[in-house]
Amino acid sequence: MESIFGSPATYVQGIGVLFDSAKYIQRLGSKAVLLADSVVYGIVGNDYLAYLKQNDIDVKQVTFNGEASDNEIKRVDAIGKEFDTDMIIALGGGKTLDSAKAIADDLHVHVAVLPTLASTDAPCSRLSVLYTDDGAFEKYRFYDKNPDLVLIDTKVVAGAPVRLLASGIADALATNVEAKAVAKGDKQTMLNGHQTLVGNAIGSKCEETLFKYGMAAIASVKDHAVTKALDHIVEANTLMSGLGFESGGLAAAHAIHDGLTALDGPIHSLTHGEKVAFGTLTQLFLEGADQERFEKFLKFELAIGMPTTFKDLKIEVISDDDLLKVGKQATAPADTMGRMPFEVTPYDVAQAMKGVDAYSRHFQEK
């Protein structure tokens, strides 16, 4: 099996780059479908639509319905085909971006990914996480190439809610933990190849950056300040984590996230990163991490406001049957639990989750 490293063709990050992006967009085509949800259009999308038109891009405005599902992708496919688009521009959060990658792949056109948040590691990758129309994890969808352009405006990110930046930090925190597990078992990455040394190095640098600058970046966003710390964290959440998870591989942390989507109720109000945060702690429990290592991650997750107990996950009263339901979904063949260096059963998942909940509760009571 060969070693593979993947990355977007161009990555741009900085203050005000969104409204200086025409020189990058024009290289991809002249007829664009702009995909964003109604909230993003209200914040920045309508202004960006006008900017594109001022720069001689023929734009079809499409409002994203909110779920990265096959039905939503097919709906926008039809619009793009009728418009005869030569590129998809995605503006917004993870599910908008993942949908745009699928649409561009279906239509065989270029895709520009413009995150308005640093809340997930989705933007840079050549895969999408797809869900049912009801929001339950369904599958990963893989592509032949990474996005043609990823462009993220740190001024826009600084204006977003701090909870979303913290969620991105938690999502990125799983990167190195999962890559180490994949390396230990010599398993396949998300590119269906062996890890590269550079992929591993990015994962390690990502973790180092998060612990070093995470709290300062969160403080910055609370006052909507665009600081060096925020710049470092945006790069860690978006570029380092995106390249790191793809070329390093996913394992238990993201599989636990996917398992949690099998539950009904208020847990669905949590962000992707908030569920991954609990997944990372669960993976550490599955691995039998020592007290010092586990508490390093637990303290940091608590400091950035992540859920570390069942109560935080809004599943305070949960049965063993429901925990096994999570475990069964997390260990499904289509998910990434199989990239752990040892076999993990639904029962193992349920017990590790109970262990994390108990440890965190007792730790916080001390």
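The values are calculated or read from the model by the stated rules, or taken from the named source; none is laboratory data. As the structure is a prediction and not an experimental result, all values here were calculated from the model. No Cβ is skipped: glycine too gets one built from the backbone with ideal geometry, and neighbour counts run over all protein chains shown. Surface areas here come from the heavy atoms of the whole protein model, side chains and all, with no ligands, DNA or RNA. Shrake-Rupley method; radii C 1.70, N 1.55, O 1.52, S 1.80 Å.
Listed by first and then second residue, the pairs linking a residue in region 337-366 that is free of Cβ contacts under 8 Å to residues at least 24 places away in the same chain to a residue that is among the polar types (S, T, N, Q) and surrounded by 16 or more Cβ atoms within 10 Å (Cβ to Cβ), with Cβ atoms under 7 Å apart and 6 or more places separating them unless they lie on different chains, are T345/T331; P346/T331. Taking the condition touching a residue at least 60 places away in the same chain (Cβ under 8 Å) and assigned to a helix (DSSP H, G or I), does V40 pass? Taking the combined requirement at face value, the residue satisfies it.
Here's a check for you: in region 202-225, which residue that is touching a Gly at 6+ places or on another chain (Cβ under 9 Å) and among the hydrophobic types (A, V, I, L, M, F, W, C) is most open to solvent (accessible area, probe 1.4 Å)? Going through the qualifying residues, I end up with I202. Applying the criterion of being hydroxyl-bearing (S, T, Y) and under 24 Å from I73 (Cβ atoms) to the residues of region 22-42, the residue that is most open to solvent (accessible area, probe 1.4 Å) is S38. Within region 43-70, being touching a residue at least 40 places away in the same chain (Cβ under 8 Å), open to solvent by 10 Å² or more (accessible area, probe 1.4 Å) and assigned to a loop (DSSP other than H, G, I, E, B) holds for one residue alone: E67. Scanning region 4-37 for residues that are among the β-branched types (V, I, T) and assigned to a helix (DSSP H, G or I) yields V17, I25.
Among the residues of region 232-261, those that are open to solvent by 20 Å² or more (accessible area, probe 1.4 Å) and out of contact with any Phe, Trp or Tyr (no Cβ under 7 Å at 6 or more places or on another chain) comprise E235, M240. Test of understanding: among T280, T308, which residue is open to solvent by less than 60 Å² (accessible area, probe 1.4 Å) and within 25 Å of Q188 (Cβ to Cβ)? Every option except T280 fails the conditions.
Any residue at all in region 318-336 that's among the basic types (K, R), open to solvent by 40 Å² or more (accessible area, probe 1.4 Å), assigned to a helix (DSSP H, G or I) and under 22 Å from K184 (Cβ atoms)? No, region 318-336 contains no residue that is among the basic types (K, R), open to solvent by 40 Å² or more (accessible area, probe 1.4 Å), assigned to a helix (DSSP H, G or I) and under 22 Å from K184 (Cβ atoms).
The rows are residues; the columns are (1) within 30 Å of T189 (Cα to Cα); (2) modelled with pLDDT under 95; (3) polar (S, T, N, Q).
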position	(1), (2), (3)
I4	yes, yes, no
Y11	yes, no, no
D20	no, no, no
G42	no, no, no
L49	no, no, no
Q61	no, no, yes
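The criterion of at least 1 residues that are open to solvent by 20 Å² or more (accessible area, probe 1.4 Å), more than 20 Å from D335 (Cβ to Cβ) and touching a residue at least 40 places away in the same chain (Cβ under 8 Å) is met, among strands (runs of 3 or more DSSP E) falling completely within region 108-191, by 110-115.
Inspect region 80-95 for any residue being open to solvent by less than 10 Å² (accessible area, probe 1.4 Å) and of a type outside the set (A, V, I, L, M, F, W, C) and give the result as yes or no. Checked against the condition, which is being open to solvent by less than 10 Å² (accessible area, probe 1.4 Å) and of a type outside the set (A, V, I, L, M, F, W, C), region 80-95 yields at least one hit. Quick one: would you say A100 is open to solvent by less than 50 Å² (accessible area, probe 1.4 Å), in a strand (DSSP E or B) and closer than 22 Å to E235 by Cβ? Considered against the rule, which asks whether it is open to solvent by less than 50 Å² (accessible area, probe 1.4 Å), in a strand (DSSP E or B) and closer than 22 Å to E235 by Cβ, A100 comes out as no. For region 194-212, the condition of being assigned to a helix (DSSP H, G or I), touching a Ser or Thr at 6+ places or on another chain (Cβ under 6 Å) and over 24 Å from L127 (Cα atoms) holds for none of the residues.
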